[in-house]
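The values are calculated or read from the model by the stated rules, or taken from the named source; none is laboratory data. Predicted model only: the values in this text are computed from it and were never measured. So basically every Cβ, Gly included, is an ideal-geometry build from the backbone, and we count neighbours across all protein chains shown.
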Amino acid sequence: MLELRNISFAAEDKEILKNINLVIDDAKFVVITGPNGGGKSTLAKVIAGIIKPDSGQILLDGEDITDWGITERANAGISFAFQQPVRFKGVTVKDLITLASGKDLSTAAACEYLAEVGLCAKDYINREVNASLSGGELKRIEIATVMARKTKLTLFDEPEAGIDLWSFKNLIDVFEKMHEEIQASILIISHQERILNIADQVVVISGGEIAQIGTKEEVLPGLFGVDTGCRYFQGGKA
């Protein structure tokens, strides 16, 4: 279980996160959504250890990890997939997936992860993770590495960014399968209604604060409903 207690963060004299309190239970699929600039990606980076909060506590299974770095959190079972995946010159796709898994994967086993994200394994397994790959290809490879890690908490920051429609449909299946098979917590930052629709819990962040938490049945009508309109999405993309 991940627990955030009174998390606040400011940058350049602007409050980005304001007293955030949130609990992510084990094996839950949670989507954080809200208007652009509301603090969603910053919150994900705080959880991953990329950004240290100005105040508050972060607890993982009851242990205070607020002062832990990225590596310590990764070793404790927190994975983070960037909105813009990192390129690694000289490292092959197989190397990256094998490293993520923490064991000596066979080529066939590594290829299975690529197939899960809709890539033809024989075309990618020995390629370098460099500028020759498109943004969409890198995104899917990164998701494959996260799947290989099988950590207790996986964070995705707008995983749909740069992915074509066919791949996006496949991505939904990947998330559902991850949730079912790994039985770990998945936390996704997303505006996409189809991703919101497969969540156990939806968290709406607006202006650096939690505006609403609930099931998709409780939250989505207020976001996309005909009567109420896009309350939290005005000025942003829905």
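Being at pLDDT below 90 and over 23 Å from G39 (Cα atoms) is the requirement here; does D157 meet it?
In short, no.
For residues in the stretch 48-86 being hydroxyl-bearing (S, T, Y) and assigned to a strand (DSSP E or B), which is modelled with the lowest pLDDT?
Ranking the qualifying residues of the stretch 48-86, first place goes to S79.
Within the stretch 51-66, track down each residue that is of a type in the set (D, E, K, R) and either over 21 Å from the mean Cα position of the chain (by Cα) or over 11 Å from S8 (Cα atoms) (or both).
Passing the criteria: D54, D61, E63, D64.
How many residues are part of a loop (DSSP other than H, G, I, E, B), under 22 Å from N170 (Cα atoms) and hydrophobic (A, V, I, L, M, F, W, C) when one looks only at the stretch 87-135?
Residues meeting the conditions: 5.
Does S185 count as under 17 Å from the mean Cα position of the chain (by Cα), buried (at least 22 other Cβ atoms within 10 Å of the Cβ) and among the polar types (S, T, N, Q)?
yes
Run A10 past the list (1) farther than 23 Å from A144 by Cα; (2) under 13 Å from the mean Cα position of the chain (by Cα) and report the number of the one that doesn't hold.
In the conditions (1) farther than 23 Å from A144 by Cα; (2) under 13 Å from the mean Cα position of the chain (by Cα), A10 misses (2) alone.
Only one of (1) over 18 Å from the mean Cα position of the chain (by Cα); (2) surrounded by fewer than 17 Cβ atoms within 10 Å (Cβ to Cβ); (3) over 19 Å from L2 (Cβ atoms); (4) modelled with pLDDT of 90 or more is not met by N197, so which one is it?
Answer for N197: the failing condition is (1).
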